[in-house]
Amino acid sequence: MKHPLLAVLAITLCATPLTGLADQVYRWVDDDGVTHFTAHPPKGRPSESLRTRTGHSEPVDYSSQYPRPEPEQPEPQSAASNAGQPSQQELDEACQRARQNLETLERGGRIAVETEDGSRRYLGEEELSERAETARQIMDRAC
């Protein structure tokens, strides 16, 4: 064998348990007080089921947080036109949501959205950029 270290590495990788990929992880303590994490609960011992996290962000539904910006059209300023204007409280809330969303988008990571059929899909780079630009536009108007 030319590369015995390579063979040892391959065997080690194949023999390594993939508990990190398990859907469910259990934590339990043996008689010596050592804590163990396994994919299957031990028989005859109390164990705790743990919720694993993948490091991906939770889905964000932007449509319910603030409306999509519409192209700005100049309107004559009058007392009647103020009736359709958002209140200062609504502007403050929209500003805060836009800041939080922009922070989440700029932090990186995968962001999932729910589709019309109820399934989830992850946003692509172009969609992430569009959402960030939308948040910036709302901040320009509301903040």
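Below is a table of values for the structure above.
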quantity: Only one of 127, 133, 103 that is modelled with pLDDT of 85 or more, within 13 Å of the chain's Cα centre (by Cα) and in a helix (DSSP H, G or I); calculated: 103
quantity: Residue count for segment 90-132, restricted to those that are of a type in the set (Lys, Arg) and under 25 Å from residue 143 (Cα atoms); calculated: 4
quantity: Residue in segment 81-89 that is exposed (fewer than 11 other Cβ atoms within 10 Å of the Cβ), among the hydrophobic types (A, V, I, L, M, F, W, C), closer than 25 Å to residue 140 by Cβ and at pLDDT below 70 present; calculated: yes
quantity: Residue 94, sole failed condition from (1) modelled with pLDDT of 85 or more; (2) of a type in the set (A, V, I, L, M, F, W, C); (3) in a strand (DSSP E or B); calculated: (3)
quantity: Qualifying residues in segment 22-39 (those that are among the aliphatic types (A, V, I, L, M) and part of a strand (DSSP E or B)) - the one modelled with the lowest pLDDT; calculated: 25
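The values are calculated or read from the model by the stated rules, or taken from the named source; none is laboratory data. No experiment lies behind these values; they were computed from the predicted model shown. Please note: Cβ atoms are built from the backbone with ideal geometry, for glycine as well, and neighbour counts cover all protein chains shown.
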